[in-house]
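This report concerns only the one structure given below.
The values are calculated or read from the model by the stated rules, or taken from the named source; none is laboratory data. Just so you know, these numbers come straight off a predicted model, no measurement behind them. In this analysis, Cβ positions are derived from the backbone assuming ideal geometry, glycine residues included, and neighbour counts consider all displayed protein chains. Heavy atoms of the whole protein, side chains included, go into the accessibility calculation; ligands, DNA and RNA do not. Shrake-Rupley method; radii C 1.70, N 1.55, O 1.52, S 1.80 Å.
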Amino acid sequence: MRSAAISEPRWLRLALIVLMLGFLALNLLLPLAVVFAEGLRKGIAAYLGAIREADALAALRLTLTVAAIAVPLNIIIGLAAAWAIAKFDFRFKSLLITLIDLPFSVSPVVSGLIYVLVFGLQGWLGPWLQAHDAQVIFAVPGLVLATIFVTFPFVARELIPLMEEQGRDEEEAALSLGASGLATFWHVTLPNIRWGLLYGVLLCNARAMGEFGAVSVVSGHIRGKTNTLPLHIEILYNEYNFAAAFAVASLLAGLALVTLVLKSLLEWRFAGQLAGRGH
Amino acid sequence: MTIYMNEVAAGFASRITAVAPMPTSRQVWGVASSNPSRPRSIIPGFGLTMGITLFAVSVIVLIPLSAVFIKAAGMTGAQFAATALSRRALDAYKLSFGAAAAAAALNAVFGLVTAWVLVRYELPGKRIISALVDLPFALPTAVAGIALTALYAPNGWIGRWLAPQGITIAYTPLGVVIALVFVGLPFVVRTVEPVLADLGGDVEEAAATLGASRFQTFRRVVLPAIGPALLTGCALAFARAVGEYGSVIFIAGNMPFKSEIAPLLIIVQLEQYNVAGATAIAATMLVISFALLLVINLAQGWQRRRRSA
């Protein structure tokens, strides 16, 4: 408990608490509540109907597929980047970290556009792709690329500070006792970073499944084919099919809530084993 | 050492060859040996992991991003200006940057209050409230966009009470600010929180002992200490808000010259098959974003030095 001299008077404390709770209720709780309320407005049958509809299911499948490709690739890249950066010294290290972080400061729309410039019809590889009857833009590969780009920093940026904090001593001990490099990674490094890795993967997955702007540019919005869940929501909404839009949106809101719960559990139970927390 | 390397390489190769080509031996040792004064680590795998990282950074980030600048550099000044500096684009930048600044300012106040209460006061359910602060990170932007519109549209939950007073939020620049406040809040709270928690009570006690009022202590002792973090949080929120798309377009109304944000203008150009125009606007936005990023990094470095000093 803080001493009276350095705590605010009771009325001020109450006022600040009320201000915060009011603001959070307005800014966070209401938007969340309105998704579920509007989704269920036309009854549970209409709600389930909107979710089970063929285009919605196709969108759900596509969202899961894209995440199932993008997230594992990001895990491999994130682990590799963290290993190289945290366990070795080399020049231009901070430049490399900046490059890994870069996608966070790029607008989602620009994140999609850059792949149109490379793989689109007027793009660098467009004519070559067309000659070989392959399609990246307005097809699944484009969605995957754009998703990897926007989620690129999540795993690496969680693992790099964590592995830097843990240093090299344990790995060096295992190696000098004769463990192979792979065994060292598997039995020494991975157990040390598993919760941090899970934390990064959790956030990476939430963003991968919810990404809108970047995939919107590369998707082409072909119903039942290149529409992910967020894009499906946009189409329903623009067709004034609000109840269905919110019903589908409630699925993603549910995913967000599950993500928040798991993330909080990790923060509460394993604070010391996540980067930059509990120290 | 080489033996370990090869074992790791062999172990990983089966899983990774589909993703990245194996680095050549020149790649493996070329980078590592560039600094001969450093004692070599016995840890293996530098070549492999560095190879994967450089490959991914190049193919996913660097080459595609450079396409924007290479394409923009290939335009004549007049071509570039025709879209990127048109009246419509200038109004869009003005809205994107203006609304982002307004949202960052609002979040400075509400974010600071939120962080303050979370760090310093006893409150039932504080952990849950704290977890909820991260909702904007987890909620897909399109969902946030339609939810905020449902709240603030003239017939919405909140909008219907404001409409009789003549206040419209949805489909105006005010709606854009509301969406950007939603998106930016966790940046400010999560940046300020740890600094506030680290700030021991002793300096404040010293100030109080020397006769400072609570407000004086806050203004003269606490605020200077958390100021850099608060600024950093606002800058992060601002940077995110400038490029934000999904949560804004539903509530903005998207009227050219009035409520059209810059990222949307890129989409509009693409829909009109004006890839060059879209690229010109994107290049303009990227340059501004990277400049921002540089400022944020400098500010964070300055902050770290202050804290460790």
Unmet requirement for B:VAL61, which otherwise passes all of (1) open to solvent by 10 Å² or more (accessible area, probe 1.4 Å); (2) closer than 29 Å to B:VAL176 by Cβ; (3) at the interface with chain A (Cβ under 10 Å from one of its Cβ atoms): (1)
Some residue of region B:89-109 being within 8 Å of chain A (Cβ to nearest Cβ) and either under 22 Å from B:SER247 (Cβ atoms) or modelled with pLDDT of 95 or more (or both): no
Neighbours by Cβ (under 6 Å, 6+ apart or cross-chain): first from region B:70-93, among the β-branched types (Val, Ile, Thr); second modelled with pLDDT of 90 or more: B:THR83/B:GLY277; B:THR83/B:ALA280
Of the criteria (1) open to solvent by less than 10 Å² (accessible area, probe 1.4 Å); (2) at pLDDT below 95; (3) in a helix (DSSP H, G or I), which one B:ALA170 fails: (3)
Filtered residues of region A:86-109 (kept if among the small types (Gly, Ala, Ser), more than 19 Å from B:ILE60 (Cα to Cα) and within 8 Å of chain B (Cβ to nearest Cβ)): none
Some residue of region A:168-178 being acidic (Asp, Glu) and within 24 Å of the chain's Cα centre (by Cα): no
Residues being more than 10 Å from chain B (Cβ to nearest Cβ) and open to solvent by 10 Å² or more (accessible area, probe 1.4 Å) - total across region A:179-198: 9
Conditions (1) outside any helix (DSSP H, G or I); (2) without any contact (Cβ under 8 Å) to a residue 24 or more places away in the chain: number failed by B:ALA207: (1)
Unique match (being of a type in the set (S, T, N, Q) and over 25 Å from A:VAL261 (Cα atoms)) among B:ASN155, B:ASN107: B:ASN155
Residues located in region B:94-122, provided they are free of Cβ contacts under 8 Å to residues at least 24 places away in the same chain and open to solvent by 30 Å² or more (accessible area, probe 1.4 Å): B:LYS94, B:VAL109, B:GLU122
Test: residue in region A:258-274 that is modelled with pLDDT of 95 or more, open to solvent by 30 Å² or more (accessible area, probe 1.4 Å) and under 14 Å from A:ILE51 (Cα atoms): no
